[in-house]
Amino acid sequence: MSDEKLLTLSSSPHIRDGSSIPGVMHTVVMALLPGAAMGIYLFGLPALLTIIIAIASSVALEAWMQWIMGRRITVYDGSAILTGLLLAMNLPSSAPWWLTIIGSMVAIIVGKHLYGGLGQNIFNPALVARVFLLISWPVQMTSFPAPSALLAKGVDAVATATPLSAIKMELMSHKTNIDITQLPQPSTFDLLLGAHGGSLGEVSIIALLIGGLYLLYKRIITWHIPVSFIGTALAFSAIMWFVDPAKYANPVFHIMTGGLILGAFFMATDYVTSPVTSKGMLIFGVGCGFLTILIRLFGGYPEGVSFAILLMNLATPLIDKLVTPSKFGEVKGNG
Amino acid sequence: MHLIKGKGFRGGVHPPDWKELSNAKAVVTLPAPEQVIIPLSQHIGAPAESLMKVGDAVKKGQKIGEAKGFVSVPVHASISGKVTAVASFPHPAGKSLPAIQIESDGLDEWSEDVKENPSYKNLSPEDIKSIIQSAGIVGMGGAAFPTHVKLSPPANKKIDTLIINGAECEPYLTADHRLMLEEPDRVIEGASIIARTLSITNILIGVEDNKPDAIKAVSDAARSYEGVKVVSLKVMYPQGGEKQLIKAVSGKEVPSGGLPMDVGVVVQNVATAAAVYDAVRFGRPLIERIVTVTGSGVNNPGNFRVRTGTSSLKLIEAAGGLKNEIGKVISGGPMMGMTQYTLDIPVTKGMSGLLFLPQDEVENYASEACIRCGRCVVVCPMGLLPNMLGIYAELDRFEQAEKANLMDCIECGSCSYVCPSKRPLVHLIRYAKADVMARRKKAA
């Protein structure tokens, strides 16, 4: 019959579910867009420029690294776009262009390719870059312009404190009667929308939650890390708030400020640097939540999300070694 | 109540099932072909030994290959005629293997050894087992493990339940579905004969609930039998995997490295049960089966009752011929089936389906690095870490893979199915298994 035609021989299975690395990466980028859009709306053109510079430099650096290291060029897979966008969202909108590019260099070269490229890095590349920049250029990294949009009701575009740094400054002042409840803080409504100082992509809780729910809906992430991360932060900060509300902010405030929501849904859930099992993810999330609040309340920095996630990234290989799924048929003597 | 709900199992995937191509098509019995090629190996275990030489006359149902040892079964002529070759022919296993070619005399005459036994209900368990072996019966769900071996547990293993596998969880396949729907009595009577060899009455028939008509047919047929229950199972691949089925139907977990008999269970496929009925009551050896011929590569997908040894070309013809350029031919389903290198292979006892995929449905994947998304871990029905097994295999770290429970893998393909990096995980696992088995053999 048709002996001249060649049939494909391959190992089973012969069908696949259609998921792919670009599919995953582009879905996460999509999910970040509401948060990024709110950042641009609130902080204007500088925010947009920071995002463009971060993405463009990340993609260019990824292509260059793959080329000089003789690896297959997979720059189109969307992972460099995602790293660039996440980096931008972790920067103040006022970050100078060179700072953003240095951030991309640290993220892509040091954070990713020196470890072996996609899938091989221990730490979340965007967070490695953020922390590197924070330690190296603390002034530029902690000057946050106030949101200039209509939402901020006529506040000038001058440097402002973040809600968390305002608290840290109060605690570190040598006043005798410290009471953080007397500080002028944005309303819950403004926190939800993002009308306050902060990194350009971390401020709008509502936009980030929309993106996070989208990731859950698309089954790109599971509930384990966000829920255990936020739940632990909520519980820990609630306990401290009960102990002394004058020194420790209320738990809802903690959840809605800083990079907690961005971190819990988009950074801690990074596949490569978080555990593969559900049980492992729960441990990872609890660790992130606990360390975040520990650093915020008792550390030198007002914000602890980046450090917490990076520390738990470090613990991931150990978690994966110790927490394995229970094998089918391991329970003997049943029946 | 004869109908109960299954309990499910952990993990698994939901591939599109494509069963609508053929599940409404009644089984069509094809006429005896002019020629058959009967492979001597159609089962797991030692191949049968040819009893024939070129020129010998044979009748339908005559034994033409003798079982070699306990884990082996004989093969039988599926038509009457003359032996024209005893040689190697292409085999669905992927290479040429010894087989007996028979040219038909057009009479389709039964051998005189084949006679009905009116008092088959009084046979002893030992008699039934010997009939099952000499009828060449093997597991017809695909694995083709000799049935009599499964029915001969050592004395210290107490069997209390017979599970009949009607899950048919592989996408595309509908042969078992049609059998249950059209001939439920053969299945149930066969099951009760098998139960008798085990001296038990407790029979559970597991069927996925995407086949409500089959569930109803089998439940109705089971009404007059004491101890037979139909278990409706939630659709989830690999529901029909032996260990997953036992778990879903009875809640019992076969221990790692163990066999169903370790939890007091024997599992047989629905088509096997029907074949047992034919053998024990009518004295007919296993010389025909239902094959689903399907996929968008054929014009008229359907279910066909064909003689073993029939060329797949006959099945293609029966299914209205090929359309489009065929890229892949798969014996079995798309999750665990084997690709074929030629369109002309003989139907074997274990061939549940022939799937024809056109060129444009054959995707070539470039495999990427593992991004540790953990999806394979979630879907693995055996609770393994396929991501790690794949990496160990890639690095030839076979001992590490073995320690990570490599040998527990049932090769269901769920991990490869969901992997966004398109890693050939099952392929890598098979590669590592081959090494571990070779080393174990050497050490033994």
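Read the figures in this text as sums done on the coordinates, not as results from a lab. Worth saying up front: this structure is predicted, and the values here are computed from it rather than measured. Because the Cβ atoms are built from the backbone with ideal geometry, glycine has one as well, and the counts that use them run over all protein chains shown.
General observations
- Among the GluC sites (Glu not before Pro) in the stretch B:187-287, those located in a DSSP loop and surrounded by at most 15 other Cβ atoms within 10 Å of their own Cβ are B:Glu226.
- Shape call, chain B: gyration tensor on alpha carbons, a/c limit 1.5: rounded
- Gyration tensor verdict on the protein assembly as shown (Cα atoms; rounded if a/c is under 1.5, prolate if a/b is larger than b/c, oblate otherwise): prolate
- By other beta-carbon atoms within 10 Å, ranking A:Leu262, B:Leu97 with the fewest at the front produces B:Leu97, A:Leu262.
- Extension gain for B:Glu399-B:Ala366 works out to 9.2 nm (0.36 nm per residue, less the C-alpha to C-alpha distance).
- Per chain B, cysteines lacking a partner by the 4.7 Å Cβ criterion: B:Cys169, B:Cys370, B:Cys373, B:Cys380, B:Cys409, B:Cys412, B:Cys419
- GNM result for chain B, Cα springs below 10 Å: residue of B:Asp396, B:Asp160, B:Asp213 fluctuating most strongly: B:Asp396
- Within the stretch A:274-335, trypsin sites (Lys or Arg not before Pro) in DSSP loop having at most 11 other beta-carbon neighbours inside 10 Å: A:Lys332
- Shape call, the stretch A:21-141: gyration tensor on alpha carbons, a/c limit 1.5: oblate
- Spin-label model distance (nm) - A:Glu330 vs A:Trp223, 7 Å beyond Cα toward Cβ: 2.4
- Using a Förster distance of 45 Å, the FRET efficiency for A:Trp64-B:Asp220 (Cβ separation, nearest 0.05): 0.05
- Here is the list for the stretch B:305-402: GluC sites (Glu not before Pro) lying in DSSP coil, each with at most 15 other C-beta atoms within 10 angstrom of its C-beta, are B:Glu325, B:Glu363.
- Candidate membrane-span-like segments in chain A, meaning DSSP H helices with Cα atoms spread over at least 30 Å of their own axis and a Kyte-Doolittle mean of 1.6 or above, are A:21-43, A:45-68, with no membrane implied.
- Considering only beta bridges that DSSP places wholly inside the protein assembly as shown, some 60 percent are antiparallel.
- Listed cross-link partners B:Lys216/B:Lys314; B:Lys157/B:Lys243; B:Lys95/B:Lys158; A:Lys218/B:Lys422; B:Lys63/B:Lys150 are compared with a 28 Å cut-off, the Cα-Cα value being larger for B:Lys216/B:Lys314; B:Lys95/B:Lys158.
- Of B:Gly190, B:Gly55, B:Gly332, the residue with the greatest mean-square motion in the GNM of chain B, using alpha carbon springs below 10 Å, is B:Gly55.
- Selected from A:Ala249, B:Phe145, B:Ile205, residue furthest toward positive end of dipole (the protein assembly as shown; charges at beta carbon): A:Ala249
- Once the GluC sites (Glu not before Pro) in DSSP loops with at most 14 neighbouring Cβ atoms within 10 Å are cut out of chain A, the longest remaining piece is A:5-329.
- Mean separation of Cα contacts under 8 Å, 6 or more apart, over the residue count of the stretch B:375-443: relative contact order %: 36
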